[in-house]
Amino acid sequence: MSRYIKIFAVLVIIIGSYLGIRYVGAVIHYACAVPEEDCPPPFRIVGNLGFVLTGGNLVPFWTRN
């Protein structure tokens, strides 16, 4: 029984990490519309990297770019 709990715990951690990176990347990606004015370059680079690594535009027709 403890084996299943460990597997479930690892899955929850992996899914939670993915969704957290996805959320933060999307917030930075959409919040920094004009990088020179809205946010410093390191934040923009990290946001774009997280956004792209987790799937980018999962629904390409819903993009605001």
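The values are calculated or read from the model by the stated rules, or taken from the named source; none is laboratory data. From a predicted model like this one, the values you see are computed outputs, not experimental measurements. As a convention, Cβ positions derive from the backbone with ideal geometry for all residues, glycine included, and neighbour counts pool all protein chains shown.
Considering the conditions (1) exposed (fewer than 10 other Cβ atoms within 10 Å of the Cβ); (2) assigned to a helix (DSSP H, G or I); (3) modelled with pLDDT under 80, Tyr30 is excluded by exactly one of them, (1). Within the range 10-26, does at least one residue satisfy the condition of being outside any helix (DSSP H, G or I) and at pLDDT 75 or above? No, because not a single residue in the range 10-26 is outside any helix (DSSP H, G or I) and at pLDDT 75 or above.
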